[in-house]
Amino acid sequence: MIGGDTQIARGVPAGRLALFALLGMCAGLPFYLFSTILSLRLAQNGVVLTIIGFFAWVSLLPTFKFLWAPVVDRVGVPGFARFYGRRRSWILASQLGIAVSIAALALTHPDASLPLTAFCALNLAFWTTMLEIAADGWRIELAPGAAAQGPIVAANIWGYRTAMVAAGSGVLLIAAASGWVVAYLVPAAIALAAFVPLALTAREGDGNRGAALAVGVAATAMLLAGIALLIGIVGAAMLGIADAFGIGAASNVTPWLLGVALAPFAIMAAAVPAIRRRSAERIAASAAPVRPYLDFFWRYGFAAVVLLAFVSLYRMGDVLALTLSKPFVASLGYSLRAIGVADGIVALASSMAGVAAGGLLAARWPAGRTLAIGALLAGIGNFAFVWLGSQGLSSPALWLATAADQFGNGFAGAVFVVYLSLIVNPVHAASQYAFLSGFAFLLPRLLAGGAGSFAATHGYPAFFTMAGVLSLAAVLLLPLVLSARPREAVPCR
């Protein structure tokens, strides 16, 4: 059983820290597999840079998680929910979905059918997102307040980045030795194995554990099939639209992406006056699917648009850099083994140091100070790739650039998660956190789809310089963000 009453980190139970570290590992394990590692695999399989950039749009799916996050707040997975509760029922179902999706993505190598590869990657992205929604909502409910959130967020991101970096490094080393199929099947097996300790967590409801697991696994199998069918239908429709507009390897999609990315800000700004005129009671009594989002805009007013602009900018440089970092390093002449070594001990140690520093300082320092430091460190990490490109092949240079990138990402990620956790309404924890964290990556991931086209036209140095400047740009909005004060909400009926 995962649990325990030992108190550490300002009264946070040690068992709770261990649990959220495990949940972070479960969510971090698949992330690189449908993003940066997949980009490198596609490059090795001869896919052109512009199309590799389009694959960044797979990561757009998690940005829309607010659309189904209310389900996690209100509905559980049959079987699992009765014994484990709503949140953990989705955690368990998602872990099974992750294992199956990684295995399916393994079998798409050598990426002869790019639509099939994209389909499997989207399934993996969906179930990874479901796990994050459930775990984030549970975390915010269990630990309100910065003092409690800091250690738990640090443990969660520590686990997340440990698994993410270790999986990325391990997959590359295995791929160098045994090929891409084996390299993906190994983390699929690990994801399946991680289901066991999650299934052994303490009872929340009633019933028999064995019966709950049997019914829950059967229900999850039906969910997997249903979600796969839905993704297939939507994906086919999107490919048809792209073909109708002539979008292909030679397309310059950046102007269109900018227009699409800015549209949500205009729509939300237009809706704020009508939402603010409603009484608190009407907001609390509004329909359940939209209540969390009406509540957010009602509490913050026009400041909500500023907050969303800030969260969109804060991680933009990191997201853009992540899209092409591995193809860039490979283009310099580094082997899969060299990249895997850099992504192993070096990346893991620096990432963990960044997360620990960010989580510790977020619990003790004002938010403005830690957010500004995080933006600065993230910018330095992006500029490190520009520096790396000016060096000859050198393992120490690769290690230094990797360390700068991972430390900045870890620090900025930790302080950002704490900040988002503190501005949500705990009554709508999962939904509002899903909305904010999803929206934070909507604009970056949308623009990341054009990263390959930009790099192909202007070169890698210009691309990573742009990413670093965008990381620093969020600091300009900090004074407005820190002055935002919410109205007091009325409890839901």
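Couple of notes before you dig in:
- Residue count, the range 431-466 (criterion: under 20 Å from Thr129 (Cβ atoms) and in a helix (DSSP H, G or I)): 18
- Any chance Gly392 is among the small types (Gly, Ala, Ser) and either modelled with pLDDT of 90 or more or in a helix (DSSP H, G or I) (or both): no
- Ala397 satisfies every condition listed in (1) among the aliphatic types (A, V, I, L, M); (2) more than 17 Å from Leu470 (Cα to Cα); (3) touching a residue at least 24 places away in the same chain (Cβ under 8 Å); (4) open to solvent by less than 30 Å² (accessible area, probe 1.4 Å) except (3).
- Residues that are open to solvent by 10 Å² or more (accessible area, probe 1.4 Å), closer than 30 Å to Leu38 by Cα and either touching a Ser or Thr at 6+ places or on another chain (Cβ under 9 Å) or modelled with pLDDT of 95 or more (or both), drawn from the range 71-89: Arg88
- Filter result for Gly368 (open to solvent by 10 Å² or more (accessible area, probe 1.4 Å), part of a helix (DSSP H, G or I), among the small types (Gly, Ala, Ser) and touching a residue at least 40 places away in the same chain (Cβ under 8 Å)): yes
- Odd one out for Gly246 among (1) open to solvent by less than 70 Å² (accessible area, probe 1.4 Å); (2) at pLDDT below 85; (3) on the phi < 0 side of the Ramachandran plot: (3)
- Within the range 90-145, if we keep just the residues that are under 18 Å from Val424 (Cβ atoms) and assigned to a loop (DSSP other than H, G, I, E, B), the residue that is most open to solvent (accessible area, probe 1.4 Å) turns out to be Pro144.
- Residue match in the range 135-147 (condition: of a type outside the set (A, V, I, L, M, F, W, C), within 20 Å of Thr36 (Cβ to Cβ) and touching a residue at least 24 places away in the same chain (Cβ under 8 Å)): no
- Close Cβ contacts (under 7 Å, 6 or more residues apart or on different chains) running from residues in the range 349-363 that are within 15 Å of Thr162 (Cβ to Cβ) to residues that are surrounded by fewer than 20 Cβ atoms within 10 Å (Cβ to Cβ) comprise Met352/Thr162.
- Taking the range 53-68 as the range and being within 20 Å of Arg315 (Cβ to Cβ), at pLDDT below 80 and either among the aliphatic types (A, V, I, L, M) or open to solvent by 20 Å² or more (accessible area, probe 1.4 Å) (or both) as the test, the residues that pass are Leu60, Phe64, Phe66.
- The set of residues from the range 351-364 being modelled with pLDDT of 90 or more and either surrounded by fewer than 24 Cβ atoms within 10 Å (Cβ to Cβ) or basic (Lys, Arg) (or both) comprises Ala353, Ala357, Leu361.
- The residue pairs whose first member lies in the range 457-469 and is closer than 13 Å to Leu313 by Cα, whose second member is surrounded by 19 or more Cβ atoms within 10 Å (Cβ to Cβ) and of a type outside the set (Ser, Thr, Tyr), and whose beta carbons are closer than 6 Å, counting only pairs six or more residues apart or on different chains, are Ala467/Gly317; Ala467/Leu320; Ala467/Ala321; Ala467/Asn382; Gly468/Gly317; Gly468/Gly379; Gly468/Asn382; Gly468/Phe383.
- Scanning the range 423-471 for residues that are out of contact with any Leu (no Cβ under 9 Å at 6 or more places or on another chain) and under 21 Å from Ala404 (Cβ atoms) turns up Gly459, Pro461, Ala462, Thr465, Gly468, Val469.
The values are calculated or read from the model by the stated rules, or taken from the named source; none is laboratory data. Bear in mind that the values here come from a model prediction, so they are computed numbers and not experimental data. Ideal geometry is used to build each Cβ from the backbone, glycine not excepted, and the neighbour counts take in all protein chains shown. Side chains are part of the model used for accessible areas, which takes the heavy atoms of the whole protein and leaves out ligands, DNA and RNA. Shrake-Rupley method; radii C 1.70, N 1.55, O 1.52, S 1.80 Å.
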